[in-house]
Amino acid sequence: MLAKIQSVAVWGIEGYPVSVEIDISKGMPSVAIVGLPDQAVKESRDRIKPAIKNSGFEFPQSKITINLAPADLKKEGSCFDLPVALGILAARQMIPADVASRFHFIGELALDGSVRPVSGVLPMAMSVKQSGGKFVVPKANATEASVVGIEVYGIESLKECVEFLTGKKEILPYNVDWDEILSIQNKYDIDFKEVKGQTLARRAIEVAVAGAHNLLMIGPPGSGKSMIARRVPTIFPPLTIEEAIEITKIHSVAGILDEGIVSTRPFRQPHHTVSDIALIGGGTIPKPGEISLAHNGVLFLDELPEFHRDVLESLRQPLEDGKVSVSRARGRIEFPSRFFLIAAMNPCPCGYYGDSRRPCRCTVPQIIKYRKKISGPLLDRIDIQIEVSGLGSKQLVSDSVSEHSESIRKRITRCRKIQQERFAGTGIFCNAHMNTKQIKQFCVLDDECKKFLENALEKMNLSARGYDKVVKVARTIADLEESEKISLSHIAEALQYRSFDRELW
Ligand SMILES: Nc1ncnc2c1ncn2[C@@H]1O[C@H](COP(=O)(O)OP(=O)(O)O)[C@@H](O)[C@H]1O
Ligand SMILES: [Mg+2]
């Protein structure tokens with residue numbers, strides 16, 4: 001007896017349909033799974049049998065052949081447990097095949113027959129939507145699946161699923177509560193108001209986020225670099241639904257989704273020992289890396305010089321393209337990776353170079369060697385570099401409250417809007433992403449400004465690349481003031497954000 005159950009799988013961050021075919025025939029009792037399954041699918045054999053028995057059904061003492069099609073994709077995970085178990089029951093006519101054919105199924109089975117959540121459900125749901133079906137998922141995945149606007153049924157056990165399909169139990173389709181999702185958006189439990197003093201750093205960060213300029217903070221231990229970095233997502237413009245779905249898709253595939261949909265901008269802080277695969281993404285069954293988990297949010301690289309040089313080099317392309325490509329025999333997979341980069345470092349190996357509170361113990365060659373660890377090409381993609389100095393104890397204990405994230409966010413959102421209008425139809429949406437031609441077009445400097453900038457760059461020994469960066473940042477500063485014209489003061493401020501170039505480097 002043959003039965004067919006529809007399921008879905010994920011390749012990269014895209015879902016695709018999988019058909020689970022079950023044949024039960026006379027012969028020595030055995031279970032074979034074909035269709036290039038990996039270890040996890042083989043293991044599911046050992047889960048499905050007890051799960052079926054412990055749900056109160058009989059497991060057929062026959063020759064069972066299971067085929068997962070298409071066969072050429074390497075399938076992963078335990079998400080086919082439920083469709084396979086249902087297929088076995090369907091082949092024995094314990095559930096009506098015509099009813100089952102209206103749904104796609106996904107879910108891992110526990111030995112007692114309960115259904116466990118799986119990863120990648122959002123992209124799977126998108127694939128189900130394309131084939132116009134309904135989706136039966138583990139209850140814990142129901143919100144995530146229903147986000148794409150299809151009929152979703154959340155179930156807790158194999159038994160419940162069978163009762164649903166045989167009409168013994170009614171389950172209502174899951175309704176996603178958009179109001180609730182939107183209301184929890186942009187709620188962070190930290191705020192920029194907690195960062196005392198640091199007027200210059202706060203301003204630089206506002207400029208950086210407003211124009212999407214990547215940022216490097218240089219400062220001694222305890223100066224608040226980590227504290228500031230963690231608060232950067234709180235001043236970004238509110239997430240749009242499209243952005244939230246993009247993030248959720250990636251987090252879903254990575255298996256790190258705890259709520260139905262991601263409603264705040266991600267903040268990712270990989271340790272400096274991170275491997276290039278963990279940072280960029282990859283693996284036999286390709287998974288998104290930290291840079292993709294930071295998509296539409298912030299990637300914080302603390303202790304930048306401690307990162308492996310090769311690892312930092314691998315950031316170059318994604319920083320440029322906003323996505324990473326992973327090559328596989330079956331073709332290329334792309335993961336989106338448009339993130340805002342914040343890097344932090346001490347000014348020298350001991351950490352106290354230039355600090356008034358403590359003397360620095362490093363020699364100049366030591367300091368130069370330390371700073372050289374950061375690759376030039378990466379530095380080239382960081383428009384804003386600032387020094388953060390530690391606050392005195394008096395300032396730290398004062399109970400002054402700084403400006404709230406929300407009011408900073410308002411200015412940034414307005415500034416982003418100006419940029420969106422400027423770049424409509426060009427494929428970019430922020431000043432930082434302008435190419436040389438666009439810089440010429442959108443950042444016209446009068447003679448006075450040109451002269452001032454050329455002079456300053458010569459004194460600071462900055463390259464043509466440096467020129468472009470200063471002009472882009474000046475464009476953002478002008479936009480924050482809602483000024484069409486870039487003036488001297490905008491350029492002067494932008495020049496301040498080149499700390500790293502100036503000193504020692
Ligand atoms: N500007 C500040 N306002 C309030 N607290 C601060 C500030 N700077 C530092 N701190 C305090 O010092 C701690 C250490 O700061 P941290 O961000 O870890 O420094 P860094 O990353 O530069 O080593 C913070 O957790 C915070 O309690
Ligand atoms: Mg720190």
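Check the stretch 480-497 and report whether any residue there is touching an Asp or Glu at 6+ places or on another chain (Cβ under 8 Å), among the aromatic types (Phe, Trp, Tyr) and at pLDDT 90 or above.
Checked against the condition, which is being touching an Asp or Glu at 6+ places or on another chain (Cβ under 8 Å), among the aromatic types (Phe, Trp, Tyr) and at pLDDT 90 or above, the stretch 480-497 yields at least one hit.
So how many residues does the stretch 287-298 have that are more than 18 Å from residue 230 (Cβ to Cβ) and surrounded by fewer than 23 Cβ atoms within 10 Å (Cβ to Cβ)?
0
Looking at this structure, is residue 437 over 24 Å from residue 489 (Cβ atoms), assigned to a helix (DSSP H, G or I) and either over 25 Å from the mean Cα position of the chain (by Cα) or in contact (Cβ under 8 Å) with a residue 24 or more places away in the chain (or both)?
yes
Of everything in the stretch 373-426, what is β-branched (Val, Ile, Thr) and either at pLDDT 80 or above or under 23 Å from the mean Cα position of the chain (by Cα) (or both)? Give them in sequence order. Give the derivation first.
Narrowing the stretch 373-426 to residues β-branched (Val, Ile, Thr): 374, 382, 384, 386, 388, 397, 401, 408, 412-413, 418, 426.
Of everything in the stretch 373-426, those that are β-branched (Val, Ile, Thr) and either at pLDDT 80 or above or under 23 Å from the mean Cα position of the chain (by Cα) (or both) turn out to be 374, 382, 384, 386, 388, 408, 412, 413, 418, 426.
Could you list, in sequence order, the residues of the stretch 288-304 that are assigned to a helix (DSSP H, G or I) and either among the basic types (Lys, Arg) or away from ligand 1 (no atom under 16 Å from the Cβ) (or both)?
Looking only at the stretch 288-304, we keep the residues that are assigned to a helix (DSSP H, G or I), and these are 290-293, 304.
Scanning the stretch 288-304 gives 290, 291, 292, 293.
Which residues, taken from the stretch 440-453, are over 19 Å from residue 482 (Cα atoms) and either within 24 Å of the chain's Cα centre (by Cα) or touching a residue at least 12 places away in the same chain (Cβ under 8 Å) (or both)?
Those that are over 19 Å from residue 482 (Cα atoms) and either within 24 Å of the chain's Cα centre (by Cα) or touching a residue at least 12 places away in the same chain (Cβ under 8 Å) (or both): 448, 452, 453.
Can you name every residue in the stretch 176-211 that is closer than 26 Å to residue 319 by Cα, within 16 Å of ligand 2 (Cβ to nearest atom) and surrounded by fewer than 23 Cβ atoms within 10 Å (Cβ to Cβ)?
Across the stretch 176-211, the qualifying residue is only 201.
Does the stretch 386-398 include one or more residues that are within 22 Å of residue 222 (Cβ to Cβ) and in a strand (DSSP E or B)?
Narrowing the stretch 386-398 to residues within 22 Å of residue 222 (Cβ to Cβ): 386-398.
Filter once more, so that each one left must be in a strand (DSSP E or B): 386-387.
The answer is yes; a qualifying residue exists.
Under 6 Å between Cβ atoms, at least 6 apart or on separate chains: pull out the pairs that start in the stretch 211-236 with a residue that is among the small types (Gly, Ala, Ser) and end on any residue that is more than 13 Å from ligand 1 (Cβ to nearest atom).
Every condition considered, the pairs that remain are 211/430; 211/431; 211/432; 211/476; 212/430; 212/432.
For the stretch 468-491, enumerate the residues that are in a helix (DSSP H, G or I) and surrounded by fewer than 16 Cβ atoms within 10 Å (Cβ to Cβ).
488, 489
So residue 353 fits all but one of (1) assigned to a helix (DSSP H, G or I); (2) surrounded by 13 or more Cβ atoms within 10 Å (Cβ to Cβ); (3) of a type in the set (Ser, Thr, Tyr); what number is the exception?
Result: residue 353 fails condition (1) only.
For residue 344, which of the numbered conditions (1) within 16 Å of ligand 1 (Cβ to nearest atom); (2) on the phi < 0 side of the Ramachandran plot; (3) touching a residue at least 60 places away in the same chain (Cβ under 8 Å); (4) out of contact with any helix residue (DSSP H, G or I) (no Cβ under 6 Å at 6 or more places or on another chain) fails to hold?
(4)
Considering 84, 128, which residue is in contact with a strand residue (DSSP E or B) (Cβ under 9 Å, 6 or more places away or on another chain), crowded, with 24+ Cβ neighbours inside 10 Å, over 20 Å from residue 33 (Cα atoms) and aliphatic (A, V, I, L, M)? Step through it out loud before you land on a result.
Values: 84 fails: over 20 Å from residue 33 (Cα atoms).
Selected residue: 128, the only one of 84, 128 that is in contact with a strand residue (DSSP E or B) (Cβ under 9 Å, 6 or more places away or on another chain), crowded, with 24+ Cβ neighbours inside 10 Å, over 20 Å from residue 33 (Cα atoms) and aliphatic (A, V, I, L, M).
I'd like the full set of residues that are within 16 Å of ligand 1 (Cβ to nearest atom) and either outside the structural domain of residue 222 (by TED's automatic domain parsing) or without any contact (Cβ under 8 Å) to a residue 40 or more places away in the chain (or both), limited to the stretch 377-431. Break it down into steps so the answer makes sense when it comes.
Just the residues of the stretch 377-431 that are within 16 Å of ligand 1 (Cβ to nearest atom), to begin with: 385-405, 408.
Passing the criteria: 392, 393, 394, 397, 399.
Which of the residues belonging to the stretch 212-246 are more than 16 Å from ligand 2 (Cβ to nearest atom) and out of contact with any strand residue (DSSP E or B) (no Cβ under 9 Å at 6 or more places or on another chain)?
Just the residues of the stretch 212-246 that are more than 16 Å from ligand 2 (Cβ to nearest atom), to begin with: 212-214, 233-246.
234, 235, 237, 238, 239, 240, 241, 242, 243, 244, 245, listed by residue number.
Check residue 387 against each of (1) within 16 Å of ligand 2 (Cβ to nearest atom); (2) touching a His at 6+ places or on another chain (Cβ under 8 Å) and name the one condition it does not meet.
Going through (1) within 16 Å of ligand 2 (Cβ to nearest atom); (2) touching a His at 6+ places or on another chain (Cβ under 8 Å) one by one, residue 387 breaks only (2).
The values are calculated or read from the model by the stated rules, or taken from the named source; none is laboratory data. Model, not experiment: these values are computed from the prediction. Here the Cβ is made from the backbone with ideal geometry for all residues, glycine too, and neighbour counts use every protein chain on show.
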